[in-house]
Amino acid sequence: MITTQQLEWAAGFMEAEGCFHHSKRQIIIAAAQVKEGPLEKLQAMFGGHLYVKNQKNGNKNKCQVWQETNQRAAEISMTLFCLLSPKRQTEIKLALDRWKTTRNKRYVHACPQGHSLSGDNLYTHNNKRYCLQCRSYEEHIRRGWRKPQWQNRHSGEKQNFQCKRGHALTEENLYYWNGKRYCKECRVFKRREYYLTHKAAI
């Protein structure tokens with residue numbers, strides 16, 4: 001059981017050294033300190049995990065970080081809410097509101113090219129999901145191992161053979177820029193629209 005005195009100490013420590021924020025669909029509560037003692041005390045009280053933060057300013061002292069996320073972080077934040085200053089309470093309210101609106105969003109199960117984001121075709125990096133087929137194609141183009149060709153750009157079942165205005169993306173009506181396909185007719189249409197708009201403004 002956590003005593004009232006321990007909660008008051010935790011609230012004072014988090015008021016000075018802690019942070020409450022929302023990032024990547026999760027609410028995060030964290031505190032950084034060079035000495036491990038206070039952070040280990042927080043971990044014993046609320047759980048969470050400790051890790052060493054990389055120092056970019058050349059400081060030789062290792063900075064320890066205590067962190068907790070998601071449901072448990074929300075519970076800790078609400079437990080300490082009444083003991084914190086109005087500024088910290090505002091941070092907690094903002095983080096909780098954003099977390100409530102984003103945690104129930106469903107993941108997209110396919111990439112923009114129609115490849116399934118599951119199984120062997122899915123890899124994650126920094127809590128983001130990527131398509132291996134698209135990555136392989138873009139890597140081959142970057143290294144010069146193959147030329148961009150609209151017929152075999154992707155091996156997925158869903159391929160876009162028309163632009164958003166309905167123009168056919170044939171070899172005569174197609175050009176590439178940074179590994180992406182673009183419609184020549186749409187390019188002419190945009191230039192004509194830009195010219196007419198600026199001519200009317202003169």
query: Each residue of region 34-49 in order: what ³J(HN,Hα) in whole Hz does its phi give by Karplus 6.51 cos²θ - 1.76 cosθ + 1.60, θ = phi - 60°, with x for Gly and Pro?
result: 6, 7, 7, x, x, 6, 5, 5, 4, 5, 5, 7, 10, x, x, 9
statement: Taking R0 as 41 Å and r as the Cβ-Cβ distance between residue 7 and residue 133, the FRET efficiency 1/(1 + (r/R0)^6), rounded to the nearest 0.05, comes to 0.20
statement: Per-residue Cβ contact counts at 10 Å, fewest first, order 65, 52 as 52, 65
message: Strictly over 23 Å apart at the Cα level, which of 41/93; 53/87; 53/100; 24/53; 24/93; 100/128 would you flag in this model?
response: 41/93; 53/87; 53/100
statement: Amide H proximity to residue 169 below 5 Å, modelled H, separation 5+ or other chain, gives 162, 163
- request: Rank the residues 7, 96 as a footprinting-exposure proxy: fewest other Cβ atoms within 10 Å of their Cβ go first.
  value: 7, 96
message: Residue by residue through region 2-9, what is 3J(HN,Hα) from phi via Karplus (6.51 cos²θ - 1.76 cosθ + 1.60, θ = phi - 60°)? Round to whole Hz and write x for glycine and proline.
response: 8, 7, 5, 5, 5, 5, 5, 5
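Any read-out appearing in this document is the output of simple, stated calculations on the displayed coordinates, not a laboratory observation. Treat the numbers as computed from the prediction; the structure is a model and nothing was measured. Note that each Cβ is placed from the backbone with ideal geometry, even for glycine, and that neighbours are counted across all protein chains shown.
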